[in-house]
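Read the structure below first, then the notes.
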């Protein structure tokens with residue numbers, strides 16, 4: 001403040017003269033003796049700002065902004081692509097899962113059929129064996145029965161001949177045999 | 001100026017609300033030629049420096065994810081770009097650096113003027129009249145170059161009844177030539193008035209009884225001035241865009 005007043009005091013001598021020349025008192029803005037100076041420096045400042053802006057600042061900011069826009073667009077596109085890929089992968093996974101399931105079902109069915117076939121074969125074999133054994137046994141039984149019958153006939157003939165001789169009668173063997181056979185049939 | 005000052009000093013309270021606007025040579029002496037480096041030149045140069053700091057050094061990184069300063073620079077760029085595009089139209093984009101220059105200079109000159117003891121370049125009619133005349137001349141030249149004689153349709157309101165048109169033409173013509181006056185006085189007047197009012201309140205602060213009120217008032221005025229500093233720069237710029245639109249599309 002002090003320096004300002006001092007400066008004011010210095011300017012008094014010239015200031016009074018200038019006021020006399022017609023500028024309104026109290027408003028430095030209307031002191032036209034400074035206008036040339038201010039306009040000169042203003043034009044220099046404006047030209048400087050204009051050159052700096054149009055040559056350096058504005059193209060740089062524009063490029064940064066467009067670059068950012070490009071980056072955002074690219075990133076969005078990449079994200080979209082990745083999303084599609086993920087969907088594809090999911091579909092492939094599901095497909096593989098379904099395939100594996102059907103494969104498993106098929107294997108189960110195959111194995112079942114195989115086991116069934118083995119079982120059937122084994123059953124058939126066992127049946128055949130059983131049948132063969134049964135036939136063999138039957139044959140043995142028949143043989144034993146025949147043998148027994150034979151023995152009974154012989155024993156009967158012998159017994160009959162003995163009985164006849166014991167009664168004091170004699171008879172030839174043939175008659176006795178016929179008679180025994182006839183009785184045994186009846 | 002001198003007599004007033006002495007009168008006030010004698011009364012006890014010291015009011016020099018306009019002293020802050022005095023243009024002084026930086027190197028001493030009292031002669032001011034057009035090339036003398038003055039405080040006005042210094043603060044205009046500081047405005048240029050701030051523009052460089054913000055828009056050139058701030059964007060030095062060219063980062064995809066911007067730093068804080070770069071964000072502000074991009075914000076300023078987008079703000080003016082959108083204003084020119086919306087108000088003046090797409091074909092006015094060639095004037096974008098010009099409009100951006102005006103805005104950046106005014107906004108930084110205004111804000112630098114809010115620093116205590118600083119000098120406010122935009123509070124001077126020499127500066128604002130020159131800025132407004134630059135816009136006026138640009139608009140007029142562009143209007144005639146782009147549209148030829150059709151630019152005069154700006155003054156011939158086709159949507160009005162025929163009988164009214166000559167009267168409207170006179171009014172439009174007057175308003176056209178008043179544009180640079182209002183354009184310049186609005187900016188300098190607002191800035192100067194606010195600064196002067198702050199100085200007046202500061203003068204009252206010398207009386208201890210009033211000083212708390214005075215300091216509160218200065219604070220409130222300062223807040224208002226911060227608003228005014230931006231709004232006046234915005235108004236000046238958007239009016240420039242409106243005038244450019246008139247120059248490019250003169251028919252109503």
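The values are calculated or read from the model by the stated rules, or taken from the named source; none is laboratory data. In this text, all values refer to a predicted model and were calculated from it rather than measured experimentally. Please note: Cβ atoms are built from the backbone with ideal geometry, for glycine as well, and neighbour counts cover all protein chains shown.
One line per residue, one yes/no per condition, for (1) surrounded by 22 or more Cβ atoms within 10 Å (Cβ to Cβ); (2) in contact with a helix residue (DSSP H, G or I) (Cβ under 6 Å, 6 or more places away or on another chain); (3) within 12 Å of chain A (Cβ to nearest Cβ); (4) in a loop (DSSP other than H, G, I, E, B):
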site: B:73; (1), (2), (3), (4): yes, yes, yes, no
site: B:86; (1), (2), (3), (4): no, no, no, no
site: B:96; (1), (2), (3), (4): no, yes, yes, no
site: B:101; (1), (2), (3), (4): yes, yes, yes, no
site: B:106; (1), (2), (3), (4): yes, yes, yes, no
site: B:109; (1), (2), (3), (4): yes, yes, yes, no
site: B:131; (1), (2), (3), (4): yes, no, yes, no
site: B:141; (1), (2), (3), (4): no, no, no, no
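Give the residue that is farthest from residue A:40 (Cα to Cα), with candidates limited to residues of segment B:49-67 that are at the interface with chain A (Cβ under 7 Å from one of its Cβ atoms) and surrounded by fewer than 21 Cβ atoms within 10 Å (Cβ to Cβ). Don't jump to the end; show me each part of the working.
Applying the first criterion (at the interface with chain A (Cβ under 7 Å from one of its Cβ atoms)) to segment B:49-67 yields B:51-52, B:55-56, B:59, B:62, B:64.
Filter once more, so that each one left must be surrounded by fewer than 21 Cβ atoms within 10 Å (Cβ to Cβ): B:52, B:56, B:62, B:64.
Numbers: B:52: 20, B:56: 24, B:62: 34, B:64: 39 Å.
Here the answer is B:64.
Listed here are the residues, each with its yes/no results for (1) exposed (fewer than 11 other Cβ atoms within 10 Å of the Cβ); (2) in contact with a helix residue (DSSP H, G or I) (Cβ under 9 Å, 6 or more places away or on another chain); (3) in a helix (DSSP H, G or I).
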{"position": "A:40", "(1), (2), (3)": "no, yes, yes"}
{"position": "A:43", "(1), (2), (3)": "no, yes, yes"}
{"position": "A:67", "(1), (2), (3)": "no, no, yes"}
{"position": "A:79", "(1), (2), (3)": "yes, no, yes"}
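If you go through segment B:202-211 one residue at a time, do you hit one that is exposed (fewer than 13 other Cβ atoms within 10 Å of the Cβ), over 25 Å from the mean Cα position of the chain (by Cα) and assigned to a helix (DSSP H, G or I)?
No, segment B:202-211 contains no residue that is exposed (fewer than 13 other Cβ atoms within 10 Å of the Cβ), over 25 Å from the mean Cα position of the chain (by Cα) and assigned to a helix (DSSP H, G or I).
Testing residue A:1 on (1) more than 30 Å from residue B:202 (Cβ to Cβ); (2) at pLDDT below 95; (3) exposed (fewer than 14 other Cβ atoms within 10 Å of the Cβ), one condition comes back false. Which one is that?
Against the list (1) more than 30 Å from residue B:202 (Cβ to Cβ); (2) at pLDDT below 95; (3) exposed (fewer than 14 other Cβ atoms within 10 Å of the Cβ), residue A:1 comes up short only on (1).
Would you please name the residue that is nearest to residue B:116 (Cα to Cα), looking only at residues in segment B:21-48 that are facing chain A (nearest Cβ under 8 Å) and not in a loop (DSSP other than H, G, I, E, B)?
By that ranking, first place goes to B:21.
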